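Rule-based calculations on the coordinates, nothing more; no lab input. Here the structure is a predicted model, which means the values were calculated and not measured. Neighbour counts are summed over all protein chains in view; Cβ atoms, including those assigned to glycine, are modelled from backbone coordinates with ideal geometry.
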Number of protein chains: 2
Amino acid sequence: MSVITIERKILEKNDEVAGRNRALFAEHDLFVLNVVSSPGSGKTSILERTIEQLRGKVSLAVIEGDVQTDIDAQRVARLGVPAVQIVTRGGCHLEANLVHEALKNIELQNIRILIIENVGNLVCPANYDLGEAMKVVVISTTEGDDKPLKYPNMFCFASVLLINKIDLLPYVNCNIEQLRLNALSINPNLRVFETSCTTGVGIQTWCEWLLQHTTHPE
Amino acid sequence: MSVITIERKILEKNDEVAGRNRALFAEHDLFVLNVVSSPGSGKTSILERTIEQLRGKVSLAVIEGDVQTDIDAQRVARLGVPAVQIVTRGGCHLEANLVHEALKNIELQNIRILIIENVGNLVCPANYDLGEAMKVVVISTTEGDDKPLKYPNMFCFASVLLINKIDLLPYVNCNIEQLRLNALSINPNLRVFETSCTTGVGIQTWCEWLLQHTTHPE
């Protein structure tokens, strides 16, 4: 497909800027997550629970990426965390230069963990490095257990998989063991957590790991 | 964003081929749907229920678009319907020329309705005309009621909205009336159906409308 070839130049340019972001993050000892998923998997809800859990333990900031609206940044800002909204106006993924611009609105020296919530899209954001330390892919049980096989790139590039909405397992056609196996068949190094933002199950485990990992990266 | 400008040429070329597809469909009196949604909203399940419901009443064929795997085409083929799989190998949407190629594998003169299931992506496929008569956007209740506001393009270009997985409403944070209002605020002409592939609710109503619409388009 023609898009692939034409996008190569864009990707090279993007990688260059991502490198500059990464250097900036290192300079400020900042741990950066790039959170990716389909629309409606629960990225923002996980952010909210993570902020609640880590409040008082570590300083956080958030960059929200959306095609349209600042609904998500408003949700996060309500929790008293610095939040910057990037509206892509139709763009299907965040790019490193958009993040670079957004960083100008955050006092990096006061922050330890920066969470970037990408546009809801399980395909395109896989190809765009933002300078993050790791990609966190979120999938909800309602999406079915075959998704890692059908959208392998995102699972390939991610370090962490959060299987969200596990409270809905009794009502949906999703075998969570098969989902886990499918994801690990694509990327055996994925660290997998099971979460529910409704019941709160798994949030503490995920946050403890994140905090530990921020302080002592593997 | 640089992608937007560079993609203009691709879009022009795509529209040209989409026009050729549309002429071919008209020549064969073929009604063509382009079904779009996030991953895991239930596009393939709706296809299966639609095929079961319309079997014996109208002749159908399916083109399946996926980033990877032919899982979906296999599911559809099991129901005895001609099915062609397009694997985009990382591509985030179907393009008109891919559909044009796939059409060579379908005996168009024997078919009345062609359903194209696009790659699971609520952003990019909005911009690519495939030559279809209408776009059908599927959203599941588990994705939340704000998605039409956050991903407006797809709702803007669609003629039909299927709100799927309504059996899960008691368990999820989704106000279906608000979802409907949000969608109609983007596109007041959307024809909205509520469906569940688990209980079968709404499938018959949707299929009767489709059959009626195929025979007597508005």
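Quick look at the numbers
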read-out: Residue within the stretch B:107-119 that is touching a Phe, Trp or Tyr at 6+ places or on another chain (Cβ under 7 Å), crowded, with 24+ Cβ neighbours inside 10 Å and in a loop (DSSP other than H, G, I, E, B) present; value: no
read-out: Every residue from the stretch B:42-69 that is at the interface with chain A (Cβ under 10 Å from one of its Cβ atoms) and over 11 Å from the mean Cα position of the chain (by Cα); value: B:S45, B:D66, B:V67, B:Q68, B:T69
read-out: Where B:C124 falls short, out of the listed (1) out of contact with any Cys (no Cβ under 9 Å at 6 or more places or on another chain); (2) without any contact (Cβ under 8 Å) to a residue 60 or more places away in the chain; value: (1)
read-out: Given (1) within 10 Å of chain A (Cβ to nearest Cβ); (2) surrounded by fewer than 20 Cβ atoms within 10 Å (Cβ to Cβ); (3) closer than 22 Å to A:K150 by Cβ, number of the condition B:I10 does not satisfy; value: (3)
read-out: Of all residues making up the stretch A:89-106, the number that are facing another protein chain (nearest Cβ under 10 Å), within 23 Å of A:I51 (Cβ to Cβ) and in a loop (DSSP other than H, G, I, E, B); value: 1
read-out: Flag for B:V99 being under 16 Å from the mean Cα position of the chain (by Cα) and not acidic (D, E); value: yes
read-out: Residues satisfying the stated conditions in the stretch B:152-166, i.e. touching a residue at least 60 places away in the same chain (Cβ under 8 Å) and within 25 Å of A:S45 (Cβ to Cβ); value: B:M154, B:L162, B:N164, B:K165
read-out: Any hit, the stretch A:111-134, residues being over 14 Å from the mean Cα position of the chain (by Cα) and more than 12 Å from chain B (Cβ to nearest Cβ); value: yes
read-out: Of residues in the stretch B:167-185 being surrounded by fewer than 20 Cβ atoms within 10 Å (Cβ to Cβ) and of a type in the set (A, V, I, L, M), the one nearest to B:G42 (Cα to Cα); value: B:L168
